[in-house]
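So the structure is just underneath, and the comments pick up after that.
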Amino acid sequence: MIESRDSPRTTFAGHVNETPWDRLHAAYFNAYALWTYLTQPFLYAYPRFVTEEVEAWNENGETWRRLKVTFPDHIASHTRQQVTYFGTDGLMRRHDYAVDVLGGARGANYIHGYRKVNGISVPHQRRVYGIGADNRHIPETLLVSIDIAEVRFSSA
């Protein structure tokens, strides 16, 4: 073992956007964030997740249904309460959250680039922007850009 950290989340105490991270901060953050992104929306059916449909949202001429999800305490994620938006086709369009380890900075995670993998529509692109006071994303504040080249499912 080269490095380890027994309680990685607690090492973010007092962090803000400008606080530098070490390799273990980045590893912890990336691991829980990507796990959430790659298992949505299926993880919402896991035990002790609480879901509630909230008022619909209009964006770019579309009406998206919104699901407020409360994560159980034992699941590491950005924050306990998050909101996922779904298009009329049932696919995720946006995922909003505050990032607790960054002092509550808010993000609007836009989900695109769906491709069929073994009959399942899987998003291959995510773009995270800051959120303004009106709950609209701020296009000039691209915070994260994720492109997934290939997805495979295996039964092993």
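The values are calculated or read from the model by the stated rules, or taken from the named source; none is laboratory data. Remember, predicted model here, so these are calculated numbers, not experimental data. Here the Cβ positions follow ideal geometry from the backbone for every residue, glycine too, while neighbour counts run over all protein chains shown.
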Open item on the list: Every residue in region 81-102 that is touching a residue at least 24 places away in the same chain (Cβ under 8 Å), within 19 Å of HIS137 (Cβ to Cβ) and not aromatic (Phe, Trp, Tyr), please.
Closed with: VAL83, THR84, GLY87, LEU91, MET92, ARG93, ARG94, HIS95, ASP96, LEU102
Open item on the list: Filter region 112-124 down to the residues that are under 17 Å from the mean Cα position of the chain (by Cα) and without any contact (Cβ under 8 Å) to a residue 24 or more places away in the chain and list them by number.
Closed with: HIS112, TYR114
- [ ] Taking HIS137 as meeting all but one of (1) within 20 Å of PHE29 (Cα to Cα); (2) touching a Phe, Trp or Tyr at 6+ places or on another chain (Cβ under 6 Å), write down the number of the exception.
- [x] (1)
- [ ] Look through TYR129, TYR114 and report the one residue that is closer than 15 Å to GLN40 by Cα, modelled with pLDDT of 95 or more and surrounded by 11 or more Cβ atoms within 10 Å (Cβ to Cβ).
- [x] TYR114
